[in-house]
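Working notes, structure below.
The values are calculated or read from the model by the stated rules, or taken from the named source; none is laboratory data. Values in this document were obtained by computation on a predicted structure and should not be read as measured data. Heads up, the Cβs are rebuilt from the backbone with ideal geometry, glycines too, and the neighbour counts pull from every protein chain shown.
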Amino acid sequence: MKKILLFAVSFLVGIYLFLPYDLLYSRALGSLTQRVRVPLAYDISDASALKVVFSDVSVGSGRGTLELEDVVLRITPIGYVFNGMLGRITTPGVEVQVFKKDGLFDLVFDIVNFRNRMLGDASLTLKGHVLVGEDQIKSGKIDLLVKNFKVPASGSEILLKEVSGSGDIDNGRLMIKELTVKGPVDLRATGTVLLNHKAPEMSMLDISVKYKMGALQGSQKLKGTLKSALASMNALTALPASP
């Protein structure tokens, strides 16, 4: 009996020490990115049963590529057995906790003054959570604050001094409680967004916007895709301000 126990323990220790964890993590991420169709590139600098460090990470493509130096994933195995925390993802300024909840994944994020080359001089603060399934975001709550963000418009750039807002998500639909933009045009918006996580620019909007630019004030209804709404806002900012 002792020999059997010793063999079993030695076998388990051998598996723990010598499994090709880097290959296992790569295959798991490959399967995930195939389902969500998001380009992902990375190197694995350290890998074990409970922790993996990804370096030189890039998410997305083109001008919208998010680049990160080191992303650390820590795994909590007991969470796979019971409804609990599965793991924690961290990179400077970002912490995302992943929970298992009724067969879905609950992502709880705490992002404070996050800065990145993609954001330029801007800083991002984002707090809340989203409950996700295989095909959509089910529910959640978010609070957003972005400062000094430049967006392309009419061949130049527009500086948005501050973008802040909050909203709730129900069955894939984001209900905006209030969204405030301070820049060349000051905006206040409420409404709903039907989220498209595979192609965010094709998310469907139904939003009421009040704007002010100098002495010019008015309101506008935005319906259609996020891509078309951004084009409308670019056209609005191109208008000369009234003296």
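The residues of the range 51-99 that are more than 18 Å from the chain's Cα centre (by Cα) and under 23 Å from Asp143 (Cα atoms) amount to a single one, Met85. Residue count for the range 142-167 satisfying the condition of being under 23 Å from Val38 (Cβ atoms) and surrounded by fewer than 15 Cβ atoms within 10 Å (Cβ to Cβ): 1.
Conditions (1) modelled with pLDDT under 55; (2) surrounded by fewer than 10 Cβ atoms within 10 Å (Cβ to Cβ), marked per residue:
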| site | (1), (2) |
| --- | --- |
| Lys3 | yes, yes |
| Tyr16 | yes, no |
| Tyr21 | no, no |
| Thr33 | no, no |
| Ala47 | no, no |
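Table: residues versus (1) at pLDDT 90 or above; (2) assigned to a strand (DSSP E or B); (3) among the acidic types (Asp, Glu).
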position: Leu145; (1), (2), (3): yes, yes, no
position: Glu157; (1), (2), (3): no, yes, yes
position: Asp168; (1), (2), (3): yes, yes, yes
position: Glu178; (1), (2), (3): no, yes, yes
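Every residue, every condition in (1) part of a helix (DSSP H, G or I); (2) within 30 Å of Gly165 (Cβ to Cβ), yes or no:
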position	(1), (2)
Arg27	yes, no
Ala41	no, no
Ser55	no, no
Ser58	no, yes
Leu68	no, yes
Tyr80	yes, no
Leu107	no, yes
Ile111	no, yes
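When the residues of the range 188-229 are filtered to those that are assigned to a strand (DSSP E or B) and of a type in the set (S, T, N, Q), the one that is surrounded by the fewest Cβ atoms within 10 Å (Cβ to Cβ) is Ser219.
Exposed (fewer than 14 other Cβ atoms within 10 Å of the Cβ), within 26 Å of Ile169 (Cα to Cα) and without any contact (Cβ under 8 Å) to a residue 24 or more places away in the chain: which single residue out of Gly62, Gly84, Gly128, Gly133 fits that description?
Gly84
Being over 17 Å from Thr190 (Cα atoms) and either modelled with pLDDT of 85 or more or hydrophobic (A, V, I, L, M, F, W, C) (or both) is the filter here, so list the residues in the range 218-235 that pass it.
Looking only at the range 218-235, we keep the residues that are over 17 Å from Thr190 (Cα atoms), and these are 227-228, 231, 234-235.
Ala231, Ala235 - these are the residues of the range 218-235 that are over 17 Å from Thr190 (Cα atoms) and either modelled with pLDDT of 85 or more or hydrophobic (A, V, I, L, M, F, W, C) (or both).
Considering each residue of the range 147-157 in turn, at least one proves to be without any contact (Cβ under 8 Å) to a residue 40 or more places away in the chain and at positive phi.
Within the range 91-108, residues that are at pLDDT below 85 have Cβ atoms under 8 Å from residues that are among the hydroxyl-bearing types (Ser, Thr, Tyr) in these pairs: Lys100/Tyr80, counting only partners at least 6 apart in sequence or on another chain. In this entry, Ser123 is excluded by the filter for residues that are among the small types (Gly, Ala, Ser), surrounded by 15 or more Cβ atoms within 10 Å (Cβ to Cβ) and within 27 Å of Thr225 (Cβ to Cβ).
Of all the numbered requirements in (1) modelled with pLDDT under 90; (2) of a type outside the set (Lys, Arg); (3) in contact with a strand residue (DSSP E or B) (Cβ under 8 Å, 6 or more places away or on another chain), Gly140 misses one, and that requirement is (1).
Answer with yes or no whether Asp121 is part of a loop (DSSP other than H, G, I, E, B) and out of contact with any Gly (no Cβ under 8 Å at 6 or more places or on another chain). Yes: the conditions hold for Asp121.
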